[in-house]
Amino acid sequence: LAFGKASVKAFAADDKAARMLANTLKNVGQAYAATNVENFVAQLQNATGVLDDSLRPALQILLTATGDVTKSQSALALALDVSQATGKDLSAVSTALAKGFQGNTTALAKMGGAVSKATLATGDMNKITAELTAKYKGSALTAAQGYSGQMDKLAVASANAKEIIGKALLNSISLLSGPNGVS
């Protein structure tokens, strides 16, 4: 019973996060990319062992700031590298990058010397992301290859299984509830 409840809760949270990301895509005029974005998130989750529960909100923050799917996906990959290399939370790194894209580099400056003051002073996000990429490129994939990364991938598989079971349980309840559904 406890596992069933946890599975339903996991599916509901995953479904909500997917819907919120799709809504953000719609709001920035990129609704057509929803399927590709979900595939990107799934591939990134499988490659890095970082749950989509973290990836979707981080991508949503970047999409809101940039309004561009490709730029946001690149920024998310960079944020993962920086997060893994520095130990900083993915959400915090994504937020700092998003603020940078909006012209505020203060949060990037507070990332402990990740970007030089001279580069930050330019406010040029192309230069800033190039410097971050030069320092941290490949960190997320390197981390995923170690023992800890393999354990993270196992946790991803477990979480996905729980979500699949939760969806199946909700569908079963819905079918058994008749024409009025769960309500």
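Computed values, structure above
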quantity: Residue match in the range 144-156 (condition: free of Cβ contacts under 8 Å to residues at least 40 places away in the same chain, more than 18 Å from the chain's Cα centre (by Cα) and open to solvent by less than 60 Å² (accessible area, probe 1.4 Å)); calculated: yes
quantity: Residue in the range 97-120 that is open to solvent by 60 Å² or more (accessible area, probe 1.4 Å), within 28 Å of Ala18 (Cα to Cα) and either assigned to a helix (DSSP H, G or I) or in contact with a helix residue (DSSP H, G or I) (Cβ under 8 Å, 6 or more places away or on another chain) (or both) present; calculated: yes
quantity: Of all residues in the range 166-183 being open to solvent by 70 Å² or more (accessible area, probe 1.4 Å) and in a helix (DSSP H, G or I), the one that is nearest to Met111 (Cα to Cα); calculated: Lys167
quantity: Residue check for Lys127: touching a residue at least 60 places away in the same chain (Cβ under 8 Å) and in a helix (DSSP H, G or I); calculated: no
quantity: Residue check, Asn126 over 22 Å from Ala47 (Cα atoms), modelled with pLDDT under 90, among the polar types (S, T, N, Q) and open to solvent by 80 Å² or more (accessible area, probe 1.4 Å); calculated: no
quantity: So Ala22, is it loosely packed, with under 15 Cβ neighbours inside 10 Å and on the phi < 0 side of the Ramachandran plot; calculated: no
quantity: Selection status of Ala134, of a type outside the set (Lys, Arg), closer than 21 Å to Ser54 by Cα and part of a helix (DSSP H, G or I); calculated: no
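The values are calculated or read from the model by the stated rules, or taken from the named source; none is laboratory data. Every value quoted in this text rests on a predicted model; they were computed, and no experiment measured them. Quick reminder, even Gly has a Cβ in these numbers, built from the backbone with ideal geometry, and neighbours come from all protein chains shown. When the accessible area is computed, the model is the full protein with side chains, heavy atoms only, and any ligands, DNA or RNA have been set aside. Shrake-Rupley method; radii C 1.70, N 1.55, O 1.52, S 1.80 Å.
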